Amino acid sequence: MQEQFFFGILLGLLAGLVNGVFLLPMCYTRGWACENTWLLFTIISTGILPWVAALMGVPNLLGVLLDSPITFLLPGIIAGLVWGTAQVMYGRGLGMVGVAVGNAVVACTSTTAGTIGPMIVYGGSQASRSAVFYLLVAVGLILAGILIYGKSGARKEQELAGQEQPRQVVAGSFRRGLVICLVTGVLGTSFVYGAKSSAGLVETALAAGASSRIYAEFAALLVTFNAGMIPGVVYSVAKLNRNKTWGAYRNPAALLWNIALAAVMAALWYGGILMYNSSGVKLGSNLGPSISFALFAGGTVLFASLFGWLAGEWKGASAGTIRGFVLGMSLIVSAILIIAFGVSV
């Protein structure tokens, strides 16, 4: 049992690692605008890869889906549409308030909602008080770490840009953008409920021959993210039309290279989702989804920040700003250690 728990911890951290770096390949695309890459990434990550994983994990997958009543599919469809809409809102919110502030707000609200929400819905009375206490302490440390890191990141941007304020990318008031980021952080965790609340579909997949609940939940993730693909595709197509960037797809010199990079991004991102979901199963049905989300969210911020450090993004920042970065990361590491060695007692 203890081995299962620590394997779940490892999976949660690995999920955070790949989610923290999945955007890196986008830096190396050639001749494509952001929306060109994002459309292809969305189709592969939420449209194709969920089918690949579910077909590998669930025998007679089509039969399972076709034989399931609509009530088995509704939790995933609703959760996916809400999640997909939140991803579109995320980009608009960041454009109004700036990347540093927006990311900090979204990370804090999603960590809180993604940890406490499943705790309330799935934790039940069987969850031990000590485990809940340690988990809440860890979440508090993660939030403090994110806030300190976000503040240091904003200060670093000002220092390296000669105190210039970042240009607003999307029209709208700062207050409205802040509200959008807050709502996005909460709604962006809805994919958790798509898999965990699709009990009927999961049981059908198990009856069809799925070898474990981890693989059976691949069917629920398929429904969730196929539904979540719709808002993302609509938004990307709208941007392609507005910016008149469809023509970038007709450049044969970079087409295969860019497709490969989008596919790598998609594989990293959906691989992280599968590891996060598997982590929740390994950690138990009560607090498992909450523990794994805290690890997933904290690990994403931690590893993305560390890779940014290694890439030289903080070079030239003042000593006080760097101390804030180190303190923020230290708090997140402390939270991860508390989850690993405290929640299990």
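This table checks each residue for (1) in a helix (DSSP H, G or I); (2) under 25 Å from W246 (Cβ atoms); (3) touching a Pro at 6+ places or on another chain (Cβ under 6 Å).
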residue	(1), (2), (3)
F6	yes, no, no
N19	yes, no, no
W32	no, yes, no
N36	yes, yes, no
L49	yes, yes, no
V52	yes, no, no
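Determine which member of the set S305, S290, S318 is closer than 22 Å to F7 by Cβ and among the small types (G, A, S).
The conditions single out S290.
From S305, S290, which residue is small (G, A, S) and crowded, with 24+ Cβ neighbours inside 10 Å?
S290
Consider W83 carefully, then state whether it is surrounded by 22 or more Cβ atoms within 10 Å (Cβ to Cβ) and outside any helix (DSSP H, G or I).
no
Does the stretch 1-35 hold any residues that are in contact with a Lys or Arg (Cβ under 9 Å, 6 or more places away or on another chain) and either polar (S, T, N, Q) or at positive phi (or both), and which are they?
Matches in the stretch 1-35: Q4 only.
What are the residues in the stretch 327-345 that are hydrophobic (A, V, I, L, M, F, W, C) and in contact with a Ser or Thr (Cβ under 9 Å, 6 or more places away or on another chain), if any?
Listed by number, the residues that qualify are L327, M329, I332, V343, V345.
How many residues are charged (D, E, K, R) and either under 12 Å from V237 (Cα atoms) or modelled with pLDDT of 95 or more (or both) if we restrict to the stretch 28-47?
Of the residues in that region, 1 qualify.
Out of the stretch 144-183, which residues are at pLDDT below 80 and hydroxyl-bearing (S, T, Y)?
S173
Between V264, V281, which is assigned by TED's automatic domain parsing to the domain that holds Q2, over 29 Å from A113 (Cβ atoms), among the hydrophobic types (A, V, I, L, M, F, W, C) and in contact with a helix residue (DSSP H, G or I) (Cβ under 6 Å, 6 or more places away or on another chain)?
After applying the criteria, what remains is V264.
What about I44, is it closer than 30 Å to T204 by Cβ and free of Cβ contacts under 8 Å to residues at least 12 places away in the same chain?
In short, no.
Give the residues of the stretch 55-76 that are crowded, with 18+ Cβ neighbours inside 10 Å and under 24 Å from G114 (Cα atoms), sorted by residue number.
Across the stretch 55-76, the qualifying residues are F72, L73, P75, G76.
In the list G102, G194, which residue meets the criterion of being buried (at least 23 other Cβ atoms within 10 Å of the Cβ), in a helix (DSSP H, G or I) and modelled with pLDDT under 85?
G102
The values are calculated or read from the model by the stated rules, or taken from the named source; none is laboratory data. A quick note: this is a predicted structure, and the numbers were derived from the prediction, not measured. No Cβ is skipped: glycine too gets one built from the backbone with ideal geometry, and neighbour counts run over all protein chains shown.
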